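Trainee: Pasting a structure below so you can have a look.
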């Protein structure tokens, strides 16, 4: 998972994944320009295993997190490299809720169910998945929707290994954090986490009075 | 604020604000490519006015939110336009915590203090600003740090109008939401909000036992 080497970073103007857009508009009579990009809406699922009173998160290497945690070296050809002996891949490991993009022709809760099975190996009935909320993510740059859910599972529902789709190169570890230890873990800033995870767990505390 | 017209959207490969990067690396012996971008770290401040028992948020027109809330029309020249009579600017209004990017040579809490004054007009003592947490934002694409704070203010600290820096074209409304009405408002999905706002308010409930 965290064995990372041969890291290079280079500017690219054209990518299938990030498409910058220039928006021009007039606001209250003043002409303005804003650069943004279109990204997919996403679904994010906080997984709570009732059998063992723990949350189940995914952990994966995130290149964007890694390059923001290291000092890069500029090369003569304009690229940047990273000394992966000095900056181990663990710096790029990020703890997140099970999640996926909205790119299928089915309901959001069905996408949530599929992601829980693919990434975490739990076959969870739809009625065990409840909506937390939906909000705008990255309002400055993307404005896409994040749809958050909470799924309550038991050990009986664990029908597969999870770990993501191997054919898509996904490499995902499952991490269980006991509810009683979760508050300390949640605010430990030495552990990389994203905002969706923190928001979802705080919702859980609020909703269930923990 | 929400009088929006003459909206055009066009692809742009080069922008000073969004610089796509291609990262190549080897993970567990497998060569991989990931596209990302560098964005500034940010500071975000949940403002609680103790005198009137309310949160103070900022509301502004976000082009990225707007174009994700409308149906665009493709033009012959490749640009897209929006019928602003059909899709009013209110669709792009977003409620957020007072926030700013980390681009100054001072501490995070000092940046937080400056943003509270610029955007909301409160001159808050540093000791009234407490850290909520820091986390990785947009782990898939940017991996920048979001630093969240909570500032407790009173009416006596209100020394200016707020509203942002006019010379930077900032156009910001202040919105007060009473604490007792905030839970209903927080989960009203018809009101555009970002994740930082929801996370911060849930932290407030958890921290103060509300």
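Trainee: Can you find a residue in region A:113-127 that is under 26 Å from residue B:68 (Cβ atoms), part of a strand (DSSP E or B) and touching a strand residue (DSSP E or B) at 6+ places or on another chain (Cβ under 8 Å)?
Mentor: no
Trainee: Still on this structure: Do the conditions hold for residue B:202, that is, is it touching a strand residue (DSSP E or B) at 6+ places or on another chain (Cβ under 8 Å) and either without any contact (Cβ under 8 Å) to a residue 12 or more places away in the chain or within 14 Å of chain A (Cβ to nearest Cβ) (or both)?
Mentor: No; evaluated as a whole, the condition is false for this residue.
Trainee: Give just the number: which of (1) farther than 30 Å from residue B:87 by Cα; (2) within 9 Å of chain A (Cβ to nearest Cβ); (3) at pLDDT 85 or above does residue B:53 not satisfy?
Mentor: Only one criterion in (1) farther than 30 Å from residue B:87 by Cα; (2) within 9 Å of chain A (Cβ to nearest Cβ); (3) at pLDDT 85 or above is unmet by residue B:53, namely (2).
Trainee: Determine if region A:160-172 includes at least one residue that is surrounded by 12 or more Cβ atoms within 10 Å (Cβ to Cβ) and more than 15 Å from the chain's Cα centre (by Cα).
Mentor: Yes, that holds for at least one residue.
Trainee: In region A:164-187, what count of residues is obtained for those that are out of contact with any helix residue (DSSP H, G or I) (no Cβ under 7 Å at 6 or more places or on another chain) and either closer than 21 Å to residue A:51 by Cβ or within 9 Å of chain B (Cβ to nearest Cβ) (or both)?
Mentor: The number of residues fulfilling the criteria is 12.
Trainee: Next question. Take the conditions touching a residue at least 40 places away in the same chain (Cβ under 8 Å) and under 30 Å from residue B:191 (Cβ atoms) and apply them to residue A:152. Does it pass?
Mentor: It is true that residue A:152 is touching a residue at least 40 places away in the same chain (Cβ under 8 Å) and under 30 Å from residue B:191 (Cβ atoms).
Trainee: Follow-up. Evaluate the following for residue B:81: is it within 13 Å of chain A (Cβ to nearest Cβ) and either surrounded by fewer than 17 Cβ atoms within 10 Å (Cβ to Cβ) or part of a helix (DSSP H, G or I) (or both)?
Mentor: Yes.
Trainee: Whether any residue in region B:94-112 is touching a residue at least 24 places away in the same chain (Cβ under 8 Å), assigned to a loop (DSSP other than H, G, I, E, B), in contact with a helix residue (DSSP H, G or I) (Cβ under 8 Å, 6 or more places away or on another chain) and within 26 Å of residue A:145 (Cβ to Cβ) is what I want to check.
Mentor: Checking region B:94-112: at least one residue is touching a residue at least 24 places away in the same chain (Cβ under 8 Å), assigned to a loop (DSSP other than H, G, I, E, B), in contact with a helix residue (DSSP H, G or I) (Cβ under 8 Å, 6 or more places away or on another chain) and within 26 Å of residue A:145 (Cβ to Cβ).
Trainee: Shifting gears a bit: Failed condition for residue A:139, given (1) touching a residue at least 40 places away in the same chain (Cβ under 8 Å); (2) buried (at least 20 other Cβ atoms within 10 Å of the Cβ); (3) not in a helix (DSSP H, G or I), with all others met?
Mentor: Only one criterion in (1) touching a residue at least 40 places away in the same chain (Cβ under 8 Å); (2) buried (at least 20 other Cβ atoms within 10 Å of the Cβ); (3) not in a helix (DSSP H, G or I) is unmet by residue A:139, namely (1).
Trainee: Also: For residues that are more than 7 Å from chain A (Cβ to nearest Cβ) and more than 20 Å from the chain's Cα centre (by Cα), tally how many sit in region B:35-50.
Mentor: Of the residues in region B:35-50, 1 are more than 7 Å from chain A (Cβ to nearest Cβ) and more than 20 Å from the chain's Cα centre (by Cα).
Trainee: Just checking, does region B:125-135 include any residue being in contact with a helix residue (DSSP H, G or I) (Cβ under 7 Å, 6 or more places away or on another chain), facing chain A (nearest Cβ under 8 Å) and crowded, with 23+ Cβ neighbours inside 10 Å?
Mentor: Among the residues of region B:125-135, at least one is in contact with a helix residue (DSSP H, G or I) (Cβ under 7 Å, 6 or more places away or on another chain), facing chain A (nearest Cβ under 8 Å) and crowded, with 23+ Cβ neighbours inside 10 Å, which makes the answer yes.
Trainee: For region B:3-18, what are the residues that are surrounded by fewer than 16 Cβ atoms within 10 Å (Cβ to Cβ), touching a residue at least 12 places away in the same chain (Cβ under 8 Å) and under 22 Å from the mean Cα position of the chain (by Cα)?
Mentor: Scanning region B:3-18 gives a single hit, B:3.
Trainee: Filter region A:13-29 for residues that are more than 21 Å from residue B:22 (Cα to Cα) and at the interface with another protein chain (Cβ under 7 Å from one of its Cβ atoms) and give the result.
Mentor: A:23, A:24, A:25, A:26, A:27, A:28
Trainee: So residue A:158 clears everything in (1) more than 13 Å from chain B (Cβ to nearest Cβ); (2) in contact with a helix residue (DSSP H, G or I) (Cβ under 7 Å, 6 or more places away or on another chain) except one condition, right? Which one?
Mentor: Of everything listed in (1) more than 13 Å from chain B (Cβ to nearest Cβ); (2) in contact with a helix residue (DSSP H, G or I) (Cβ under 7 Å, 6 or more places away or on another chain), residue A:158 misses just condition (2).
Trainee: Of everything in region A:51-78, what is crowded, with 18+ Cβ neighbours inside 10 Å and in a strand (DSSP E or B)? Give them in sequence order.
Mentor: Selection gives A:54, A:55, A:56, A:57, A:58, A:59, A:60, A:61.
Trainee: Could I ask something else about it? Would you point out the residue of region A:19-34, among those that are surrounded by fewer than 21 Cβ atoms within 10 Å (Cβ to Cβ) and farther than 16 Å from residue B:82 by Cα, that is nearest to the chain's Cα centre (by Cα)?
Mentor: Looking at residues that are surrounded by fewer than 21 Cβ atoms within 10 Å (Cβ to Cβ) and farther than 16 Å from residue B:82 by Cα, I get A:19.
Trainee: Only one of (1) touching a residue at least 40 places away in the same chain (Cβ under 8 Å); (2) within 30 Å of residue A:22 (Cα to Cα); (3) out of contact with any helix residue (DSSP H, G or I) (no Cβ under 6 Å at 6 or more places or on another chain) is not met by residue A:116, so which one is it?
Mentor: Exception for residue A:116: condition (2).
The values are calculated or read from the model by the stated rules, or taken from the named source; none is laboratory data. What you see is a predicted model, and the numbers here were worked out from it, not measured in a lab. In this analysis, Cβ positions are derived from the backbone assuming ideal geometry, glycine residues included, and neighbour counts consider all displayed protein chains.
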